[in-house]
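Below is one structure; the comments refer to it alone.
The values are calculated or read from the model by the stated rules, or taken from the named source; none is laboratory data. This structure is a prediction, so every number in the text was calculated from the model and none was measured. Positions of Cβ are generated from backbone atoms using ideal geometry, with glycine treated the same way; all protein chains shown enter the neighbour counts.
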């Protein structure tokens with residue numbers, strides 16, 4: 001599934017700091033925190049290309065013009081549930097639509113469909129035996145699949161987390177005409193795979209010897 005013309009990275013643009021998209025955004029690679037307000041739940045990430053999410057829980061309808069609300073993280077509407085009828089909400093159900101591309105499933109660069117039909121449904125709840133574990137049951141409906149795909153990701157709470165800056169400064173990767181190259185330690189362009197051709201130097205004058 002990899003595009004060898006892209007230096008083995010396929011269509012995965014994560015290395016160039018392109019924003020992550022759903023459902024990959026919730027893979028648990030980056031630390032995040034959840035802030036709950038009366039009408040919206042915020043999921044905030046501590047990583048440059050992981051955009052924070054807003055899950056609206058105010059019973060609003062879907063926007064009439066989805067294109068205007070299209071973002072890399074999508075537009076999310078959720079609902080709190082009391083599944084054991086004890087008077088306390090314990091589960092957050094979320095549906096996300098209008099996810100802007102390019103969208104990839106994972107680091108292999110396997111692409112998702114390039115339309116606006118993808119729907120991601122989540123069910124988030126704490127583990128009953130261990131409240132430090134949060135489960136996220138995700139079902140993705142996408143035209144790149146023959147049927148809906150469901151997977152559960154579990155996150156572990158870190159009560160003593162140290163938040164650190166994660167930015168794209170010092171990114172050594174460079175894309176030229178669908179080829180991915182790398183800057184070496186001495187700032188020279190170097191190949192990323194065996195026998196990789198150099199960039200087209202048509203518009204550069206030969207250097208003097």
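Report those strands (runs of 3 or more DSSP E) wholly inside region 96-209 carrying at least 2 residues which are modelled with pLDDT of 95 or more and over 18 Å from the mean Cα position of the chain (by Cα).
Hits in region 96-209: 119-126, 133-141.
Starting from region 142-161, take each residue that is without any contact (Cβ under 8 Å) to a residue 60 or more places away in the chain and list its partners that are exposed (fewer than 10 other Cβ atoms within 10 Å of the Cβ) and in a loop (DSSP other than H, G, I, E, B), counting only C-beta distances under 8 angstrom and pairs at least six apart or across chains.
157/131
Can you pull out every residue in region 115-140 that is within 13 Å of residue 97 (Cα to Cα) and free of Cβ contacts under 8 Å to residues at least 24 places away in the same chain?
139
Could you go through region 96-111 and let me know if any residue there is out of contact with any helix residue (DSSP H, G or I) (no Cβ under 8 Å at 6 or more places or on another chain) and more than 27 Å from residue 145 (Cα to Cα).
Checking region 96-111: not a single residue is out of contact with any helix residue (DSSP H, G or I) (no Cβ under 8 Å at 6 or more places or on another chain) and more than 27 Å from residue 145 (Cα to Cα).
For region 96-114, does any single residue satisfy the condition of being farther than 19 Å from residue 138 by Cβ and loosely packed, with under 15 Cβ neighbours inside 10 Å?
Yes, region 96-114 contains at least one residue that is farther than 19 Å from residue 138 by Cβ and loosely packed, with under 15 Cβ neighbours inside 10 Å.
Quick one: is residue 30 surrounded by fewer than 19 Cβ atoms within 10 Å (Cβ to Cβ), within 30 Å of residue 191 (Cα to Cα), at pLDDT below 75 and in contact with a strand residue (DSSP E or B) (Cβ under 9 Å, 6 or more places away or on another chain)?
For residue 30, the condition - surrounded by fewer than 19 Cβ atoms within 10 Å (Cβ to Cβ), within 30 Å of residue 191 (Cα to Cα), at pLDDT below 75 and in contact with a strand residue (DSSP E or B) (Cβ under 9 Å, 6 or more places away or on another chain) - is not met.
Condition check: surrounded by 16 or more Cβ atoms within 10 Å (Cβ to Cβ) and within 30 Å of residue 164 (Cα to Cα). Does residue 72 satisfy that?
yes
What tally of residues in region 64-86 results from selecting those that are over 16 Å from residue 125 (Cβ atoms), out of contact with any strand residue (DSSP E or B) (no Cβ under 6 Å at 6 or more places or on another chain) and in a loop (DSSP other than H, G, I, E, B)?
The total comes to 4.
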